[in-house]
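Below is one structure, written out as structure tokens; comments come after it.
The values are calculated or read from the model by the stated rules, or taken from the named source; none is laboratory data. Note that the coordinates shown come from a computational prediction; the quantities given were computed from them, not determined experimentally. Neighbour counts run over all protein chains shown; Cβ positions are idealised from the backbone, glycine included.
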Amino acid sequence: MAKNTLSEIKNSLDAHVGQKITLRANGGRRKTVERTGVLEETYPSVFIVKLDEEQQTFKRVSYSYADILTESVEVMICGDNDEMRASYIKP
């Protein structure tokens, strides 16, 4: 059953490749990291986000679909004019 859920998460992210997203991830030790970028590619086990130029620490980050399933990463899809839609990718 978990495999079907992971594939559903992947399919929902596939529909948003090339769109701007915001990630809210657990940074450890009670820290939450929020990043904005473009969903660049999806692979069978991970997805790649190209971060905005303002955030110079990393150019790209990758997360697994299991991170979304365990709710350690929250993905929000941005609207056309960079406003947040009420569109979350959830398990």
Kindly establish whether T36 is touching a Cys at 6+ places or on another chain (Cβ under 9 Å) and farther than 12 Å from K10 by Cβ. yes
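Say we look at the stretch 1-51 and pick out the residues that are part of a helix (DSSP H, G or I) and among the basic types (K, R); which of these is surrounded by the fewest Cβ atoms within 10 Å (Cβ to Cβ)?
In the first step, residues of the stretch 1-51 are kept if they are part of a helix (DSSP H, G or I); the result is 2-14.
From what's left, among the basic types (K, R): 3, 10.
Values: K3: 7, K10: 17.
Applying the filter and picking the extreme gives K3.
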Give me the pairs, please: first residue somewhere in the stretch 21-39 and within 11 Å of V75 (Cα to Cα), second residue anywhere and outside any strand (DSSP E or B) and aromatic (F, W, Y), beta-carbon distance under 9 Å, and either six or more positions apart or on two chains. R35/F58
Being closer than 13 Å to I89 by Cβ and in contact (Cβ under 8 Å) with a residue 24 or more places away in the chain: is that true of K10 here? yes
At positive phi, modelled with pLDDT under 90 and over 13 Å from the mean Cα position of the chain (by Cα): is that true of R85 in this structure? no
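When the residues of the stretch 52-82 are narrowed to those that are among the β-branched types (V, I, T) and not in a strand (DSSP E or B), which ends up modelled with the lowest pLDDT?
Within the stretch 52-82, the match that is modelled with the lowest pLDDT is T57.
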Would you check which residues across the stretch 15-32 are closer than 18 Å to R60 by Cβ and modelled with pLDDT of 90 or more and list them? H16, V17, G18, Q19, K20, I21, T22, L23, R24, A25
